[in-house]
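S.K.: Before I ask anything, here is the structure I am working with.
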Amino acid sequence: MTRVRRGYIARKRRKNILAFASGYRGAHSKLFRTANQQKIRALVSAHRDRGKRKRSLRCLWITRINASARDNGVSYNRFILYLCRRRLLPNRKILAQIAILDSNCFSTILNKIIE
């Protein structure tokens, strides 16, 4: 039997994986097997850290809202409680931006909600 040459599909697959790992150090960017393992590891980390980033941003927003609310004599917990009693769904990202950029506006909002 004659020798069968592998087609372009396998070469294309390997080339794509090595292109994905092109910025990695040492063998992780040169050798197919280690590059493939590193690619899998990178994708797992990316998937995990997308959730982590969402959690850390929410934590940052809550910290900023709490700091501005305490400047106005109310804790974060009470502020959210007042919002929920008024049936207002808090958008923490927008509230944090208002708290940072325009503290007068935030204090006005806080006073309107508490009344």
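The values are calculated or read from the model by the stated rules, or taken from the named source; none is laboratory data. Just so it is clear, the structure is predicted and the values come from calculations on it, not from any experiment. FYI the Cβ positions are ideal-geometry reconstructions off the backbone, even for glycines, and counts take in every protein chain you see. Ligands, DNA and RNA are stripped out before the accessible areas are found, and what is left, the full protein with its side chains, is counted by its heavy atoms. Shrake-Rupley method; radii C 1.70, N 1.55, O 1.52, S 1.80 Å.
S.K.: Looking only at residues that are among the β-branched types (Val, Ile, Thr) and open to solvent by 100 Å² or more (accessible area, probe 1.4 Å) in the stretch 1-39, which one is modelled with the lowest pLDDT?
M.R.: If we take residues in the stretch 1-39 being among the β-branched types (Val, Ile, Thr) and open to solvent by 100 Å² or more (accessible area, probe 1.4 Å), then 4 is modelled with the lowest pLDDT.
S.K.: Working only within the stretch 95-115, note down all residues that are under 12 Å from residue 64 (Cα atoms) and either touching a residue at least 24 places away in the same chain (Cβ under 8 Å) or exposed (fewer than 11 other Cβ atoms within 10 Å of the Cβ) (or both). Let's see the steps before the verdict.
M.R.: So the first thing to find is which residues in the stretch 95-115 are under 12 Å from residue 64 (Cα atoms), and the list is 95-101, 103, 106.
Scanning the stretch 95-115 gives 95, 96, 99, 100, 101, 103, 106.
S.K.: Taking the residues in the stretch 1-15 that are more than 38 Å from the chain's Cα centre (by Cα) and of a type in the set (Lys, Arg) as candidates, determine which candidate is nearest to residue 32 (Cα to Cα).
M.R.: Of everything passing the filter in the stretch 1-15, 6 is nearest to residue 32 (Cα to Cα).
S.K.: Within the bounds of the stretch 66-86, is there any residue that is surrounded by 12 or more Cβ atoms within 10 Å (Cβ to Cβ), farther than 29 Å from residue 115 by Cβ, free of Cβ contacts under 8 Å to residues at least 24 places away in the same chain and in contact with a helix residue (DSSP H, G or I) (Cβ under 7 Å, 6 or more places away or on another chain)?
M.R.: Within the stretch 66-86 (the criterion being surrounded by 12 or more Cβ atoms within 10 Å (Cβ to Cβ), farther than 29 Å from residue 115 by Cβ, free of Cβ contacts under 8 Å to residues at least 24 places away in the same chain and in contact with a helix residue (DSSP H, G or I) (Cβ under 7 Å, 6 or more places away or on another chain)), the answer is no, since none of the residues qualifies.
S.K.: Any chance the stretch 84-95 includes a residue that's out of contact with any strand residue (DSSP E or B) (no Cβ under 8 Å at 6 or more places or on another chain) and under 30 Å from residue 19 (Cβ atoms)?
M.R.: no
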